[in-house]
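Encoded as structure tokens, the structure appears first; notes follow it.
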Amino acid sequence: MFFVVSSRLISFSGNVIQSATGTGGSVVATAQAVAVGAGAILTADGATGGGTLDIGSGWQGGGGIAQATQVSVDATASLNASATGHGNGGQIVVRADPANPNSTAGVHGSLTANGAGVGATGGTIETSGYRLDTSAVQVSAAAPQGQGGTWLLDPDLVDITATGGAGPSYTAYSPISYQSAASIVSSLSAGTNVTITASSSTMSDIAVDAPIARTSGTSAATLTLGATNTIVVNQPIPSTAGPVNVTLLADSDHDGIGIVILKNNITTNGGNITFGVNSSGTLATCSLTGCA
């Protein structure tokens with residue numbers, strides 16, 4: 001089943017249900033501006049696998065779906081594309097064109113694309129926009145009896161702060177996207193992999209300005225930070241629960257500009273730490289512990 005909307009402005013204020021006894025259905029909503037309002041519920045759950053919710057565009061701008069300029073999800077809204085019986089999680093996209101300096105995405109609700117059953121895989125969730133704000137968002141692409149899925153964030157000039165609001169930052173340019181450390185921790189704790197790529201411009205930075213501290217859950221998860229320019233870890237990235245793999249990729253556009261600067265500890269509780277692309281590491285009174 002499909003539910004498709006395309007116009008200049010789309011606003012969801014009620015429920016759109018595309019659940020199924022097999023694989024969940026599909027909802028596609030694209031416009032110059034798309035708003036998922038207070039209390040709205042968009043569901044593409046399925047007994048044997050989650051469906052797809054494409055809000056503002058398809059995965060990383062694909063699928064032949066025009067990209068929105070403004071998208072928003074209210075803190076009380078819910079987007080669901082999970083398996084409810086035995087199957088893999090589905091796909092949720094909330095995207096405003098990250099290559100457009102005028103685009104904004106405010107994603108503050110609940111996004112869930114869980115897998116269910118032994119051997120199932122969690123789904124894929126993308127929240128992207130040139131200016132992206134994920135304060136108060138709750139994201140899960142977990143699979144408690146299988147392999148966790150991935151939450152992808154693709155903004156520009158990223159500052160990771162305690163709750164996603166503005167804070168002090170290293171970045172050479174004024175941050176324009178604020179991501180919530182609390183939401184990242186919640187996802188990692190549930191076994192969802194989190195990938196943040198700051199790649200909209202050649203000078204995109206990522207600054208970790210609040211601890212990304214996992215304290216619960218047992219499933220392994222991976223935190224990946226990738227920037228075309230520099231990544232600076234001002235606050236610790238520790239895990240005292242399940243293992244967390246940490247991957248830091250600077251200078252992803254290979255122009256020779258960009259490094260990884262560590263100013264605090266990374267403790268993985270048995271996970272791996274990886275530095276990649278053309279990055280170099282600068283260690284300033286910090287330690288790497290728990291590396292496998």
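The values are calculated or read from the model by the stated rules, or taken from the named source; none is laboratory data. What you are looking at is a predicted structure, and each value in this text was computed from that prediction instead of being measured. Backbone-built Cβ (ideal geometry, glycine too); neighbour counts: all protein chains shown. For the accessible areas, the whole protein counts, side chains as well, though only heavy atoms, and no ligand, DNA or RNA atoms are used. Shrake-Rupley method; radii C 1.70, N 1.55, O 1.52, S 1.80 Å.
Looking at the stretch 249-256, can you tell me whether even one residue there is at pLDDT below 85, in contact with a strand residue (DSSP E or B) (Cβ under 6 Å, 6 or more places away or on another chain), more than 23 Å from Thr150 (Cβ to Cβ) and surrounded by fewer than 22 Cβ atoms within 10 Å (Cβ to Cβ)? The answer is no, given that none of the residues of the stretch 249-256 is at pLDDT below 85, in contact with a strand residue (DSSP E or B) (Cβ under 6 Å, 6 or more places away or on another chain), more than 23 Å from Thr150 (Cβ to Cβ) and surrounded by fewer than 22 Cβ atoms within 10 Å (Cβ to Cβ). Once the stretch 120-158 is narrowed to residues that are open to solvent by 30 Å² or more (accessible area, probe 1.4 Å) and touching a residue at least 60 places away in the same chain (Cβ under 8 Å), the residue that is nearest to Ser180 (Cα to Cα) is Ala136. Of all residue pairs spaced 6 or more apart or on separate chains, those with beta-carbon atoms under 9 Å, a first member in the stretch 182-199 that is farther than 20 Å from Gln235 by Cβ and a second member that is among the polar types (S, T, N, Q) and in a helix (DSSP H, G or I) are Thr192/Ser186; Asn193/Ser187.
Within this structure, Ile266 passes the test of being crowded, with 22+ Cβ neighbours inside 10 Å, over 20 Å from the mean Cα position of the chain (by Cα) and more than 18 Å from Leu157 (Cα to Cα). Of the residues in the stretch 60-71, not one is more than 22 Å from Leu153 (Cβ to Cβ), open to solvent by 30 Å² or more (accessible area, probe 1.4 Å), modelled with pLDDT of 95 or more and not in a strand (DSSP E or B). Checking each residue in the stretch 191-208 for being surrounded by fewer than 23 Cβ atoms within 10 Å (Cβ to Cβ) and not β-branched (Val, Ile, Thr) picks out Ser199, Ser201, Met203. Checked against (1) open to solvent by less than 10 Å² (accessible area, probe 1.4 Å); (2) in contact with a helix residue (DSSP H, G or I) (Cβ under 6 Å, 6 or more places away or on another chain), Ala29 passes all but a single condition, namely (2).
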